[in-house]
1. Looking at residue 57, is it out of contact with any helix residue (DSSP H, G or I) (no Cβ under 6 Å at 6 or more places or on another chain) and at pLDDT 85 or above?
2. If you take the residues in the stretch 1-37 that are exposed (fewer than 10 other Cβ atoms within 10 Å of the Cβ) and under 15 Å from the mean Cα position of the chain (by Cα), which one is nearest to residue 72 (Cα to Cα)?
3. Which of the residues belonging to the stretch 80-95 are part of a loop (DSSP other than H, G, I, E, B) and without any contact (Cβ under 8 Å) to a residue 40 or more places away in the chain?
4. Look at the stretch 50-83 and say how many of its residues are more than 16 Å from residue 33 (Cβ to Cβ) and loosely packed, with under 11 Cβ neighbours inside 10 Å.
5. Which one of these is more than 22 Å from residue 31 (Cα to Cα) and in a strand (DSSP E or B): 44, 60, 72, 49?
6. Exactly one of these conditions fails for residue 77: (1) touching a strand residue (DSSP E or B) at 6+ places or on another chain (Cβ under 9 Å); (2) touching a residue at least 12 places away in the same chain (Cβ under 8 Å). Give me its number.
7. What number of residues within the stretch 47-70 are farther than 12 Å from residue 89 by Cβ and without any contact (Cβ under 8 Å) to a residue 40 or more places away in the chain?
8. Please specify each residue of the stretch 22-41 satisfying the condition of being in a strand (DSSP E or B) and in contact (Cβ under 8 Å) with a residue 24 or more places away in the chain.
């Protein structure tokens, strides 16, 4: 005689496989934006995307045209040994606007 716990586990396993294989929907991005480096943080405001990167650059994109419109480069910094290191931007704050 088959154990009822075994039947429940078998049913649950088959159901999970079915959901993972047949019911999962695949989505794809609508568009891509090429940033100057790896993006740590971004802000979307008034059709602009402000992206802070690990390359020391704040990239500003126009959301409607999907193009980079401005690039703000932060100068390199010296580490404790006196060597120049690339600045990493972990977040950004916006106060005045793109021209302010």
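1. On the way: out of contact with any helix residue (DSSP H, G or I) (no Cβ under 6 Å at 6 or more places or on another chain): yes; at pLDDT 85 or above: yes.
Yes.
2. Residue satisfying both the conditions and the ranking: 34.
3. 80, 81, 82, 83, 86, 87, 93, 95
4. Qualifying residue count, the stretch 50-83: 7.
5. Details: 44 fails: more than 22 Å from residue 31 (Cα to Cα); 60 fails: more than 22 Å from residue 31 (Cα to Cα); 49 fails: more than 22 Å from residue 31 (Cα to Cα).
Within the list 44, 60, 72, 49, the selection yields 72.
6. The single condition residue 77 does not satisfy is (2).
7. Adding up the residues that qualify gives 13.
8. 40, 41, listed by residue number.
The values are calculated or read from the model by the stated rules, or taken from the named source; none is laboratory data. Not measured: the values here are computed from a predicted model. With ideal geometry, Cβ positions are generated from the backbone for all residues, glycine too; neighbour counts draw on all protein chains shown.
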